[in-house]
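Okay, structure first, notes after.
The values are calculated or read from the model by the stated rules, or taken from the named source; none is laboratory data. Small disclaimer: the values here were computed from a predicted structure and weren't measured. Using ideal geometry, Cβ is built from the backbone for each residue, glycine included, and neighbour counts are taken over all protein chains shown. Ligands, DNA and RNA are excluded from the accessible area calculation, which covers all protein heavy atoms including side chains. Shrake-Rupley method; radii C 1.70, N 1.55, O 1.52, S 1.80 Å.
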Amino acid sequence: QVQLVESGGGLVQAGDSLRLSCEASGRAFRMYAVGWFRQAPGKEREFLGSISWIGVSTYYSESAKGRFTVSRDNAKNTVYLQMNNLKPEDTAVYYCAAGPVSVTATEIEYTYWGQGTQVTVSS
């Protein structure tokens, strides 16, 4: 069993940077790939990026590529989402998820989900 808790969200201005954290309980977390998703009001949940269990492989959506970076520290059971040059359209609830399939954008491949953290970007 793996439990995920996101943190680091908040209210920022356009152009700012923010780093989200996804902290997990359970040693099994180290064997899972982790993905980041977001959901804006009235929109479907959107894949952003994923990282393999050992951190060697990453995969990003076109919307995230270039501004967002996923990394992980297995010694701390934590995965990060670094977001740079934030825009008002990045306003959403951000979720992390863990699953056994490496670097996938497919939601059903992820077994465990966090509760999400709100990111609001003002113009």
Q) In segment 62-87, what count of residues is obtained for those that are over 11 Å from the mean Cα position of the chain (by Cα), surrounded by fewer than 16 Cβ atoms within 10 Å (Cβ to Cβ) and more than 19 Å from residue 15 (Cβ to Cβ)? A) 5
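Do we find a residue being β-branched (Val, Ile, Thr), open to solvent by 50 Å² or more (accessible area, probe 1.4 Å) and not in a helix (DSSP H, G or I) anywhere in segment 30-45?
Quick first cut of segment 30-45, residues β-branched (Val, Ile, Thr) only: 34.
Now restrict to residues that are open to solvent by 50 Å² or more (accessible area, probe 1.4 Å): none.
No - not one qualifying residue is present in segment 30-45.
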Q: Output the residue which, of all residues in segment 46-56 that are open to solvent by 50 Å² or more (accessible area, probe 1.4 Å) and of a type outside the set (A, V, I, L, M), is modelled with the lowest pLDDT.
A: 53
(Q) Looking for something assigned to a strand (DSSP E or B), open to solvent by 60 Å² or more (accessible area, probe 1.4 Å), closer than 20 Å to residue 30 by Cα and not small (Gly, Ala, Ser) - is there at least one such residue anywhere in segment 104-112? (A) no
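Name the residues in segment 88-103 that are of a type outside the set (A, V, I, L, M, F, W, C), over 30 Å from residue 13 (Cβ atoms) and either crowded, with 21+ Cβ neighbours inside 10 Å or touching an Asp or Glu at 6+ places or on another chain (Cβ under 7 Å) (or both), would you?
Our first condition is that a residue be of a type outside the set (A, V, I, L, M, F, W, C); within segment 88-103, this holds for 88-91, 94-95, 99-100, 102.
Then drop every residue that is not over 30 Å from residue 13 (Cβ atoms), which leaves 99-100, 102.
Selection gives 99 alone.
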Q: Say whether the condition of being surrounded by fewer than 17 Cβ atoms within 10 Å (Cβ to Cβ), in contact (Cβ under 8 Å) with a residue 24 or more places away in the chain, among the polar types (S, T, N, Q) and touching a Cys at 6+ places or on another chain (Cβ under 9 Å) is met by at least one residue in segment 3-22.
A: yes
